[in-house]
Structure formats: structure tokens, C-alpha cells
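Visitor: Below you'll find the structure I mean.
The values are calculated or read from the model by the stated rules, or taken from the named source; none is laboratory data. Predicted model, so just to flag it, every value in this text is computed and none were measured. Virtual Cβ from ideal backbone geometry, glycine too; neighbours counted across all protein chains shown. Remember, those area values only see protein heavy atoms, side chains included, never the ligands or the DNA or RNA. Shrake-Rupley method; radii C 1.70, N 1.55, O 1.52, S 1.80 Å.
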Amino acid sequence: MGKSSKKRPASSQGSSSAPAESKKSKLDSAFEAKASQRPMPKIVNKLKRAEIYAKWLKDKKLLKKAVRDAKKESKKSKAKSGDGDVDEAEEFENSEESSKKPKTLENTRESELTLVTPSDTEVLADEEDDEFAPYFSGVIKPKIIVTTRPRPSAELFQFIQSLLTLIPNSYYWPRRDYELKDITEYARNKEFSHLMVLSEKAKVCNGVVVSHLGVPSRSSGIWKGDGQADAEEDWPEDEDEDEDGEMDEMEGIEGEGDGGEGNGNEAGEEEEEDEDEDFDDHADNDEEEKLTEEAEEDSGPRHIPTDKHVLPGPTAFFKINNIVLPKKIANHGAATGHIPELILNNFTTRLGHRAGRFFGSLFPHSPEFKGRQVVTFHNQRDYVFVRHHRYVFKPGTTKADKEKNRTRAKLQELGPRFSLRMRWMLSGGFDTKFGEYEWFHKRKEQDTSRRKFHL
């Protein structure tokens, strides 16, 4: 009984198979459309499903790239097949390259009104006549005095030691209990061109005040063509002698008046260190006449700076962050006494040019290429990164370099490594109470956007 099943007629079977096939084709198309969006949705094994899904993503990416390249080629061929018009193709290529560039804070920065272009003749004329022009033209060589806040910690002296190796012709002077105004006057009388005062917090250096003391006279030996003056040979050693020597120097400034700075012939010829002399004995007329006669007898061409170059300023305060001493830099080298090359990068605004030239005035602009040393001041988002490197030429290590006997340039960091951020700048000497500010950083008023930069 179970085997004797009734069979349907052929006509009825044919009529029922047609809708079944159409239903099956609809299911297949729906499944294929679903599979194109999500491959193998019914795979139970998790590892196998992930492997197939990754492969599907890769194929999908390659397919999109092929379609994009085909569109690009078709547009380029259409532009070139026109009446000799290739500008559209170039514009298309530039638009493609610009679209590939990632958007950063630098290339999306807000427009700055004081942005300087390379063809700005007004800025170039101002820079040829500012207080830093004698340094960049090589007429004078800078001479820097470095001091600290009162009672510095021992850790600060490690940074001072590396800073003296970074900046040529720089000398350290202990702060003790001297006022900063007295040190400024003493440094000007000693023919220093710049003053650097380091501050610290929790035994870590966190700021520096850099003050331009004015163009010194030729008698200091830092002018071009003169011998290098030794900054330490006339400095007193004992504390009592320091105070007497400082008073004597300031007495000399007050006694000589403006003539010592304007003529550049009498300042710094001799130093009187007698502890028993008082203010009146130091300003003796016979001694001044003797110094004047010796200065007049000195032969050779003299370049007497004008009053606008003698005036001090500017003075700026920089926050110091991320100090890394040379001993903590992996595979660091030892700096030599050669004058390094200088790189000032990405200072684009008027204030940035001002700050960059201020940094440039700290270094002599007659580098000794034999030392192969480079000091870089790189500005990025108003942070100035300071680096000290030595470039080394070595034969190439790749197979192509060995076949063609190529030489590659490599960098070796010497240190120190730190970053600066300017907080304010005075137009004159150090006088935060009555001085005129060229620029002062006001965070709530100026930092209105992350894409707004000042340097």
C-alpha cells in the first residue's frame, strides 16, 4: 500500500514547474545581491568567516581602485584630445594630488594678515636696516653671557653646559645676589651683545629671557677683522672683587656718558680693578685722555655704528619644554668647537621673521664647514624645535648604491634637544614694568582656534 502512490498527470506537472523555477530565480538573485554586500553570511566557523570577509574587502578595494583609475584615464584622454588644451589635464592631476593630501592643522591654518611672501620688498628693506642686520651681514660676531635665577639647582648646570656647546662664543656668569638690571649694565660694559637668563621650576628649566644688549664697540674684539676677546681674563674671582668691579664698570658708563657708546673707541680698552678706589678716583681726567690718545693712534679702517644700531632691544621670553640632554640621546656625538651652520625654518609671519632673526643673531654667520655641524630652529604650530646635528657622508649600503658607488648623507644628533614657545617680546631692553611690548601672548583673546598661529 505504501508503494502504490498516485502519480499526477504530465500536464499538471509541467504547469507547476514553471512557477517553481521563477521562484527559484528570484531567490538566487536576492541571495546574490545579499552576498555582494556581506559575503558568506551562513558560515558557522568564525575563523573561516573572518578570512573570507577579509579577502572580500581586499577585492572590493582593488575593484574601486580600478574603476577610479579608469575614470581618471578617460578624463585625462578627453582633456588631451581637445584642441591642444592640456591645462585641464594638469588641473585634474593637481586636484587629484591635493585630494590625496591629508588635512592637518598646518595646511588648514587660518589666513594671517601679516603673512610674508618671498617677494615682499617692504619686509626685505626693513630687515636690511634692523638691529640684527650687522649680525647677518657678518660685520660683527655675537658674544653671549648666560646666567640663571638666584640660587639655581645643580640640575640646571647640566643644561647650561650643553647650551654653551650649542651656541658659540657664549660664557656663563654666576647670578649670586645681583639684580638683573645691574647684570645688564655690566654685560653691556663688558661688550656682550646678548644676555640669556634661565629660570627653573622643580629643578627643571622652564623658561629663558633673551635680551639684545645692542651693538658693541670695536674694542671688544668681536667685530670682523679683530682678534677674539677673552671674556674671562678680566673677570674678578672673589665675591668682594665682583662687587667692586661691577661698581667700577657702571661708574665708567656714567662718567663717559653717551660718547663711549656712540664712538665705539673708548669702551673696553682697559679695566681698573683696584679695590681702594672710589667713584671719583675712577673717573680721572688723565686716564680718559690717555685712553682717547691710544684709541686715536690705532690704525686701520673703523666702522662706527650709528645710533639706531647701538640701541638695545628686543627682549623676549620663551617657555622651554621637553629638554633632552646629550647623554640621554641614543648614539649621540660630541660637539666640536667649529661654528655651526644655521637653519631657520617655517617662520612665515612678520612676528615669525622677527623671532627668527632674533635666533639668528645669536650665531656667527661665517660657518666652518669643516666641522659639518648644523643648528636648526624649526617652527611648527608656534613651537620652535631646536636641534643640533652633524651630517656624515658614508658610502651607500644598498646594492644599487654599491654598483654605482654612491655616497649617502646621514645625520648624527649632538644635542641638546628642546623646544621653545614665545610668550612676549619687548621692543627695548629688559624692562617689564615700563617697557613697550611688541607682542604679548593672550591665550583667551588670540588662541581662538587651533588653526590660528602667530609665527
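Visitor: Can you pull out the residues in the range 357-400 that are under 18 Å from I320 (Cα atoms) and open to solvent by 50 Å² or more (accessible area, probe 1.4 Å)?
Guide: Across the range 357-400, the qualifying residues are H378, Q380, R381, Y383, F385, R387.
Visitor: Would you mind stating whether L156 is open to solvent by less than 80 Å² (accessible area, probe 1.4 Å), touching a Lys or Arg at 6+ places or on another chain (Cβ under 9 Å) and at pLDDT 85 or above?
Guide: The answer is yes for L156.
Visitor: Looking only at the range 188-200, filter to residues that are at pLDDT 90 or above and of a type outside the set (S, T, N, Q); which one of those is surrounded by the fewest Cβ atoms within 10 Å (Cβ to Cβ)?
Guide: E200
Visitor: Another one. Looking at (1) farther than 24 Å from H353 by Cα; (2) over 19 Å from the mean Cα position of the chain (by Cα); (3) open to solvent by less than 20 Å² (accessible area, probe 1.4 Å); (4) touching a residue at least 40 places away in the same chain (Cβ under 8 Å), which one does K203 not meet, given that it meets all the others?
Guide: Among (1) farther than 24 Å from H353 by Cα; (2) over 19 Å from the mean Cα position of the chain (by Cα); (3) open to solvent by less than 20 Å² (accessible area, probe 1.4 Å); (4) touching a residue at least 40 places away in the same chain (Cβ under 8 Å), the lone unmet condition for K203 is (3).
Visitor: Under 6 Å between Cβ atoms, at least 6 apart or on separate chains: pull out the pairs that start in the range 61-77 with a residue that is surrounded by 10 or more Cβ atoms within 10 Å (Cβ to Cβ) and end on any residue that is not charged (D, E, K, R).
Guide: Here the result reads K75/F92; K76/A89, each pair linking the range 61-77 to a residue that is not charged (D, E, K, R).
Visitor: Starting from residues that are more than 30 Å from L426 (Cβ to Cβ) and open to solvent by less than 40 Å² (accessible area, probe 1.4 Å), keep the ones in the range 326-344 and report whichever is farthest from the chain's Cα centre (by Cα).
Guide: Only one residue tops the list, namely G333.
Visitor: If you don't mind, another one. Identify the residue in the range 427-455 that is among the basic types (K, R) and touching a residue at least 40 places away in the same chain (Cβ under 8 Å) and, among all such residues, is least open to solvent (accessible area, probe 1.4 Å).
Guide: K452
Visitor: Looking for something in a strand (DSSP E or B), out of contact with any Cys (no Cβ under 6 Å at 6 or more places or on another chain), at pLDDT 90 or above and open to solvent by 40 Å² or more (accessible area, probe 1.4 Å) - is there at least one such residue anywhere in the range 345-356?
Guide: Within the range 345-356 (the criterion being in a strand (DSSP E or B), out of contact with any Cys (no Cβ under 6 Å at 6 or more places or on another chain), at pLDDT 90 or above and open to solvent by 40 Å² or more (accessible area, probe 1.4 Å)), the answer is yes, since at least one residue qualifies.
Visitor: Continuing with this model, one more query. If we scan the range 161-172, do we find a residue that is open to solvent by 30 Å² or more (accessible area, probe 1.4 Å), more than 19 Å from E341 (Cα to Cα) and without any contact (Cβ under 8 Å) to a residue 12 or more places away in the chain?
Guide: yes
Visitor: Counting residues that are closer than 30 Å to H454 by Cβ, which strands (runs of 3 or more DSSP E) fully inside the range 362-439 reach at least 3?
Guide: 373-380, 383-395, 417-426
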